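Trainee: Below is a structure I'd like to ask you about.
We did not get these values from a lab; they are worked out from the coordinates using the rules stated. Small disclaimer: the values here were computed from a predicted structure and weren't measured. Heads up, the Cβs are rebuilt from the backbone with ideal geometry, glycines too, and the neighbour counts pull from every protein chain shown.
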Amino acid sequence: MANDGFDGQRVTGATFLVEVDGVEIGRFMEVSGLQVTVGIEEISEGGENSYVHKLPGRMTWPNLVLKRGITQQDTLLTWLNKSSGEQFAANSNTLTRSTAAITLMGPSGDRLRAWNFDGAFPVKWTGPSFAADSNEMAVEELEIAHHGFRAADLA
């Protein structure tokens, strides 16, 4: 069995701590978009008909999507407002990009794995849907654009 750094234990009951420029903005129950795709450039060589050369191209990253139960904190909307609308206009329409960090927290509160995201800024916030006959938890969602990520050293 391969050593995955977690001593063969499955990580369950985990949450994700999210920080922006070193300030905690919340803990989330779900994170998606943690992926990278390397494009491929194909080059045809004259006289070589059995294959096409494939070279690595540009890297692309989808937006991150964070989900959590609704709270009374306004940290997500505050960050969104700084990079859009009136606060963005008051800052001479200058976007201040941030460094965001997502840390996988184990059930006992220990930090298991972390990623840092460069040039991050929020692009979408979605609030909960309400229905009188629903028993579902009220959830808010934040979508973040960025310029890529790297694994963070927890040592």
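Trainee: Show me, for region 127-143, the HN-Hα J-couplings you get by feeding each phi into the Karplus relation (A = 6.51, B = -1.76, C = 1.60, θ = phi - 60°), rounded to Hz, glycine and proline as x.
Mentor: Listing the rounded values in order: x, x, 9, 10, 8, 4, 9, 9, 9, 6, 5, 6, 10, 10, 9, 10, 10 Hz.
Trainee: In addition: Sort 105, 137 so the one with the fewest other Cβ atoms within 10 Å of its own Cβ comes first.
Mentor: 137, 105
Trainee: List the lysines whose alpha-carbon lies under 18 Å from that of residue 67, not counting same-chain residues fewer than 8 positions away?
Mentor: Straight-line reach from residue 67, under 18 Å: 124.
Trainee: Indicate the gyration tensor shape class of the chain (rounded, prolate or oblate), computed on the Cα atoms with a ≥ b ≥ c the square roots of the eigenvalues: a/c under 1.5 is rounded; otherwise a/b larger than b/c is prolate and the rest oblate.
Mentor: It is oblate, given that a/c is not under 1.5 and a/b is not larger than b/c.
Trainee: Are there chymotrypsin sites (Phe, Trp or Tyr not before Pro) in region 40-108 that DSSP marks as loop and that have at most 14 other Cβ atoms within 10 Å, and which are they?
Mentor: 51
Trainee: Using Cα pairs closer than 8 Å and at least 6 residues apart in sequence, work out the relative contact order for the chain, in percent.
Mentor: Dividing the mean separation by the residue count of the chain yields 24 percent.
Trainee: Quick check: net charge around residue 63, other residues with Cβ under 10 Å of its Cβ, Lys/Arg +1 and Asp/Glu -1?
Mentor: Value of the local net charge: 0.
Trainee: Still on this model: Amide H neighbours of residue 68 under 5 Å, at least 5 residues apart or on other chains, H built in the peptide plane: list them.
Mentor: It is 29, 140, by chain and number.
Trainee: Using Cα pairs closer than 8 Å and at least 6 residues apart in sequence, work out the relative contact order for region 92-152, in percent.
Mentor: Computed value for region 92-152: 34 percent relative contact order.
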